[in-house]
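Structure record follows, encoded as structure tokens.
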Amino acid sequence: MLHIVLDRSNSIPLHLQVRNLLRNDIFKGTYTEKIPAEHELMDKYSVSRATVRRAIRTLIDDGMLESRQGLGTFVAVRPIEEWLGNLSTFFDIIGERGLTPDIKVLKQGIVEAPQDAAKIFGVSRLYETIRLRLANDTPVVLETQYYPLEIGEKLALLDLSNVSTYDVLETELGLNLWEAQQTIGAIIPAAEEKKLLGMTAEPSCALLSKRLVLDHDGNPLEYEKSIYRADNYAFRINLTRRRKL
């Protein structure tokens, strides 16, 4: 087994360092069912049994692991994977994994547009919606969406809880969602964002997705900035090597 040297001069306690490494291994797929026994982890990280047990306990409390009497400790939560390349809805993604999706509206209304959104739409005021997406009652995504006011006026008349905005835009408003441009990067979420997402681990990192949805003529319809919990959400894409003719 590969031995890992922990940073004993680090202000982060050893049990939290072990927890972070175990969490990363779960996310990367190193452990998909059962994690190694306590004595193996003690040897791998050169720490005491008490340190290993505290690390495991924090992951159990976070819902990532579960202890089964007489059998060991098993992975309880696997990252939700979203395939990039098409405009799938949250309900499609979560439903395919056999989980129960839920979307709660936290706030909506006309706001002064942030600089990036103002530049995209060419106006200073936009309609904003802030929603929290959950899977099996666990928060996974905090999304903020911006729309032109003419679209926002119509959205204000609708209940946006537990609905796909793509379905609303196409079915209810008759808009044509043609293509999307998306970037994904890592961020350290703010305290309120961590609270809403139920992120208790320190340090915490999240994924920020910025997606601009355009119509057939290239007009912006929706600009979404979503914060994903990096411990239970991942993005996948198929890549094909371009061959020279």
Item checked: Estimated inter-spin distance, residue 179 and residue 24, nm [label 7 Å along Cα→Cβ] -> 3.7
Checklist line | Heavy-atom surface of segment 104-166, accessible at 1.4 Å and reported per residue (Å²) | finding: 49
Margin query: Sort 217-223, 124-130, 34-40 by the packing proxy (mean of other Cβ within 10 Å over each peptide's residues), most packed first.
Written below: 124-130, 217-223, 34-40
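If R0 is 30 Å, what FRET efficiency do you get for residue 4 and residue 195 from their C-beta distance, rounded to 0.05?
Working: r = 31 Å, r/R0 = 1.05.
Working from the Cβ atoms, E equals 0.45.
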Check: Are any of the pairs 107/225; 119/225; 107/210; 34/194 more than 25 Å apart by Cα-Cα distance, and if so, which?
Finding: 34/194
Check: Heavy-atom accessible area of residue 211 with all protein chains present, probe 1.4 Å, nearest 10 Å²?
Finding: 20
Next item on the list: Show which aspartates and glutamates lie in cross-link reach of residue 44 when reach means a straight Cα distance below 15 angstrom and same-chain residues fewer than eight apart are skipped.
Entry: 7, 25
Check: Which value in Å does the Kirkwood hydrodynamic radius of segment 7-50 take, with 1/r averaged over all unlike C-alpha pairs and then inverted?
Finding: 11.2
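The values are calculated or read from the model by the stated rules, or taken from the named source; none is laboratory data. Quick caveat, the model's predicted, so the values are computed rather than measured. Glycine also receives a Cβ, built like all others from the backbone with ideal geometry; neighbour counts cover every protein chain displayed. Surface areas here come from the heavy atoms of the whole protein model, side chains and all, with no ligands, DNA or RNA. Shrake-Rupley method; radii C 1.70, N 1.55, O 1.52, S 1.80 Å.
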